1. Only loop residues by DSSP count here, and only those with at most 16 other Cβ atoms within 10 Å; note down the chymotrypsin sites (Phe, Trp or Tyr not before Pro) in segment 1-85 that meet that.
2. Taking Cα extents along the principal axes in Å straight from the coordinates, which label in (1) 52, 40, 28; (2) 56, 30, 24; (3) 71, 51, 38 is the correct one?
3. If you count only protein heavy atoms with a 1.4 Å probe, what accessible area per residue comes out for the chain, rounded to a whole Å²?
4. Any chance you could look up the accessible area of L67 with a 1.4 Å probe, heavy atoms only, rounded to 10 Å²?
5. Kindly state, to the nearest 0.05, the FRET efficiency for R109 paired with L16, given R0 = 22 Å and r defined as their beta-carbon distance.
6. Roughly speaking, what is the stretch gain from I4 to E96, that is 0.36 nm per residue apart minus the C-alpha to C-alpha distance, in nm to one decimal?
Amino acid sequence: ISKINGKNRFQTGVDLRTRDYNINDLGYSSSTNYLTYFAGYNYRLLQPKGFLNNMFLNFNLQHLRRLETDLYSRFVFNFNSSFTTKKFWNFGGGFETTPFGTQDIYEPRVEGRHFDIPTYYDVWV
């Protein structure tokens with residue numbers, strides 16, 4: 001579900017792939033058996049205002065789980081920004097974090113096991 005026009009834009013949804021789904025007919029993908037909840041908010045300034053020509057702000061949340069034998073996998077918070085001045089200088093930045101760490105269910109390649117990855121914070125300009 002999404003609103004894709006105007007200054008304020010939203011999206012939310014659920015993505016799932018069962019253990020038996022085989023996407024390899026379309027190309028290689030090793031990820032199956034997952035459930036992802038996602039939501040996001042975007043603010044876009046497309047008309048010049050002040051010294052800016054345009055501006056883009058983006059907030060995203062993702063909550064990933066293993067589908068069968070329900071298991072927490074990862075929670076991601078992400079923020080991105082981009083600004084363009086009237087002289088067409090562009091700058092931006094953002095950050096991303098997994099505040100509760102990650103339980104990677106694909107790395108061990110053994111059914112019923114997972115690999116714990118600690119919390120990370122990533123900042124960019």
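1. Values: sites: F10, Y21, Y28, Y34, Y37, F38, Y41, Y43, F51, F56, F59, Y72, F75, F77, F79, F83; in loops: Y21, Y28, F51.
Answer in residue order: Y21, Y28, F51.
2. (2)
3. Values: 8690 Å² over 125 residues.
About 69 Å² of surface per residue is accessible.
4. Approximately 50 Å² of L67 is accessible to the 1.4 Å probe.
5. Values: r = 21 Å, r/R0 = 0.97.
Efficiency, from the Cβ-Cβ distance: 0.55.
6. Values: separation 92, 0.36 × 92 = 33.12 nm, distance 2.31 nm.
That pair, I4 and E96, stretches by 30.8 nm at full extension.
The values are calculated or read from the model by the stated rules, or taken from the named source; none is laboratory data. Because the structure is predicted, anything quoted here is derived from the model rather than measured. Methodologically, a virtual Cβ is constructed for each residue, glycine included, from the backbone with ideal geometry; neighbour enumeration extends over all protein chains shown. With ligands, DNA and RNA removed, areas are computed over all heavy atoms of the protein, side chains included. Shrake-Rupley method; radii C 1.70, N 1.55, O 1.52, S 1.80 Å.
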